[in-house]
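Take a look at the structure below.
Nothing in this text is a laboratory measurement; each read-out follows from the coordinates by a stated rule. Note that the structure is predicted; figures quoted are calculated from it, not measured. FYI the Cβ positions are ideal-geometry reconstructions off the backbone, even for glycines, and counts take in every protein chain you see.
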Amino acid sequence: MSNSAGRGWPLQTWWTGNRRGFHTKRLSADERATLEHMLRSGKTGTRKLTRARILLKAADGLSDDAMAAALDVGTATVFRIRQRFVEASLGALDELPRPGAQRKLTGKQEAH
């Protein structure tokens, strides 16, 4: 299901199935503008940019397989990012905590 709003950008409805049912989320014009600004700014990490590109391509209507091939990532990655977007909106771009011991030194301490 697609719609147009704002400057004519399509809004894509995504759904993810889980045991409790289906959830839908649309990429708003403001969210699209935020993602596009991130891509243009040049101050964002590579992983975050890849996640932003996945969301933008999904909003443009590409299939999971097409997005995975275009961005050189796995289809599971595409599905996971889309699902995280449904659950956390643009919070899906942020890194999740990793397992293991906490860092003993900060990045600044390691640099010196």
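For the reader, a short list of remarks on this structure follows.
- Candidate set: the range 25-66, residues that are crowded, with 17+ Cβ neighbours inside 10 Å and among the acidic types (Asp, Glu); chosen: the one farthest from Thr77 (Cα to Cα): Glu31
- Residues of the range 89-112 satisfying the condition of being closer than 21 Å to Met38 by Cα and loosely packed, with under 13 Cβ neighbours inside 10 Å: Gly91, Asp94, Glu95, Leu96
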